[in-house]
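Below is one structure; the comments refer to it alone.
Since every read-out is calculated from the coordinates, none of them should be taken as a lab result. No experiment lies behind these values; they were computed from the predicted model shown. Cβ: placed from backbone, ideal geometry, glycine included. Neighbour counts: every protein chain shown.
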Amino acid sequence: MTGANKGIGYSTAEQLAQLGHQVLLGARHPERGEAAARALREAGGSATYLPLDITSDEQVYAAARWIAARFGRLDALVNNAAIKLEFHPAPPSRCELDVVRRTLDTNVVGTIRVIQAMLPLLRRAPAGRIVNVSSGLGSLTLATTPGSKYRDRPLLSYNVAKAALNSVTVQFANELRDTAVKVNAVDPGFTNTDMTKNSGSRTPTQAAAAIVRLATTGPDGPTAGYFDEGGSIPW
Ligand SMILES: NC(=O)c1ccc[n+]([C@@H]2O[C@H](COP(=O)([O-])OP(=O)(O)OC[C@H]3O[C@@H](n4cnc5c(N)ncnc54)[C@H](OP(=O)(O)O)[C@@H]3O)[C@@H](O)[C@H]2O)c1
């Protein structure tokens, strides 16, 4: 798990721990990561904090080496960590390039970095799963559908990054199509977290459910898909 110390990431880690999985709780701040892992252990789960800033080659590859030495494989990777630096209303014409750069560097390049580092470990698992936590805001279809709420949310850097993440999902799924590894994107829905300044309409627990479902999907489960809690959504 990346970005697992709070919000939707923490709830996903919590639910995976409740299902009996050994959770590796990635977080960029040691105190926050340790505190979150401790809370899951105190609730009876199996959780270990892993230092993981997804913008750091050094930390991401150190994490992969640690997992390889300790477990020899990784059953599921949930790419949840992301930043959102704009708030509605944010006309694309006024978005600063530095905001675009920083958002793409974390949400897209950082996620690709983690996938590339963890892929050898996922290939060694009997049924490796990758879940990229996307957003309905990354859907080009929804953004161009008259009447859709997504058409009125032009957050340039965040939405472009989620659209790119959707493509990342398909690119890796296609490369891995003949393997046991399945790769999917999930829209957790508009959720009460720090990212939305708690203005969402859903709890992190509700948001995590679809992520957990895809992270634990069976051999007949989908790959190269884009889902919310109700099923497939349009790219
Ligand atoms: N909330 C929503 O309504 C909503 C809707 C659709 C999609 N999503 C997606 O759901 C995911 C989780 O969002 P959230 O609402 O739970 O947001 P959040 O509460 O802001 O949590 C984001 C997490 O990502 C971590 N993070 C950010 N940059 C990182 C980096 N460079 N390396 C490692 N971790 C990093 C944060 O760590 P720190 O605590 O150290 O900052 C935090 O743990 C994101 O991918 C988001 O885009 C959210």
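Please provide three numbers in whole Å: the alpha-carbon extents of the chain along the principal axes, with the largest listed first.
Largest first, the chain extends 48, 40, 32 Å along its Cα principal axes.
Thr196 label point, 7 Å along Cα→Cβ, cut-off 15 Å on backbone N: hits in segment 129-158?
Within reach of a label on Thr196, which here means backbone N under 15 Å from a point 7 Å along Cα→Cβ, segment 129-158 contributes 134-138, 149-150, 153.
Hey, what angle do you get for helix 30-42 against the long axis of the chain, alpha-carbon based, 0 to 90 degrees rounded to 10?
60 degrees
Assign unit charges at the C-beta atoms only (+1 for Lys and Arg, -1 for Asp and Glu), then state the dipole size of segment 52-186 relative to its Cα centre in Debye, rounded to the nearest 20.
Computed about the Cα centre, the dipole is about 360 debye.
Evaluate the relative contact order of the chain (contact order divided by residue number), counting alpha-carbon pairs under 8 angstrom at least 6 apart; express in whole percent. Show your work: numbers first, answer last.
Numbers: 466 pairs, mean separation 46.7, N = 235.
Computed value for the chain: 20 percent relative contact order.
Quick one: if the Förster radius is 25 Å, what FRET efficiency do Gln171 and Arg70 give, using the C-beta to C-beta distance and rounding to 0.05?
Details: r = 29 Å, r/R0 = 1.16.
With a Förster radius of 25 Å, E is 0.30.
Given segment 127-235, what whole percent of its Cα pairs are spread farther than 15 Å?
Summing the P(r) tail past 15 Å for segment 127-235 gives 64 percent.
Would you mind estimating how fast segment 97-161 diffuses translationally, via Stokes-Einstein at 20 °C and 1.002 mPa s with the Kirkwood radius over Cα pairs, in µm²/s?
Translational diffusion coefficient: 156 µm²/s.
For segment 7-232, what is the percent of antiparallel DSSP beta bridges, rounded to the nearest 5?
Roughly 10 percent of the beta bridges in segment 7-232 run antiparallel, per DSSP.
Can you list the aspartates and glutamates whose alpha carbon sits under 12 Å from that of Lys182, skipping same-chain ones fewer than 8 residues off?
Asp75, Asp220
Could you give the length gained by full extension between Arg102 and Thr141, i.e. 0.36 nm per residue of separation minus their alpha carbon distance, to one decimal place?
Roughly 11.5 nm would be gained on extension.
Grab the beta carbon distance between Gln22 and Asp228, set R0 = 25 Å, and tell me the FRET efficiency rounded to 0.05.
Taking R0 as 25 Å, the efficiency between Gln22 and Asp228 is 0.35.
Going highest first, how would you order 126-136, 3-13 by mean Cβ packing within 10 Å?
3-13, 126-136
Roughly how big is the chain's charge dipole about its Cα centre, with Cβ charges of +1 (Lys, Arg) and -1 (Asp, Glu), in debye to the nearest 20?
With only Lys, Arg, Asp and Glu charged at Cβ, the dipole is about 80 debye.
Just to verify a number: FRET efficiency for Phe87 and Glu34, C-beta to C-beta distance, R0 = 25 Å, to 0.05?
Rounded to the nearest 0.05, the efficiency is 0.25.
Give the separation of the Cα centroids, segment 90-144 to segment 1-74, in Å.
A separation of 19 Å, based on Cα centres.
Give the cross-link partners of Lys197 among the aspartates and glutamates, using a straight C-alpha distance below 14 Å as the criterion and excluding same-chain residues fewer than 8 apart.
Once the sequence-local aspartates and glutamates are set aside, what remains near Lys197 is Glu86.
So what is the relative contact order for segment 122-235, in percent, with contacts set as C-alpha pairs under 8 Å and at least six apart?
RCO, segment 122-235: 32 percent.
With axes computed from alpha carbons, what is the tilt in degrees of helix 204-215 against the longest principal axis of the chain, rounded to the nearest 10 within 0 to 90?
Helix 204-215 and the main axis of the chain meet at about 60 degrees.
Obtain the nm distance between the two label points defined at Arg123 and Ala43 by a simple spin-label model: each point lies 7 Å from its Cα along the Cα-to-C-beta direction.
3.5 nm
Would you kindly compute the Cα radius of gyration of segment 11-113 and its largest Cα-Cα separation (Dmax), both in Å?
Values for segment 11-113 (Cα only, Rg and Dmax): 16.1, 50 Å.
With a 10 Å Cβ neighbour count serving as the proxy for reagent exposure, in which order, fewest first, do His21, His88, His29 appear?
With the fewest neighbours first, His21, His88, His29 line up as His88, His29, His21.
For the Cα atoms of the chain, what angle does the longest principal axis make with the long axis of helix 156-175, in degrees from 0 to 90, nearest 10?
The helix 156-175 is inclined about 50 degrees to the chain.
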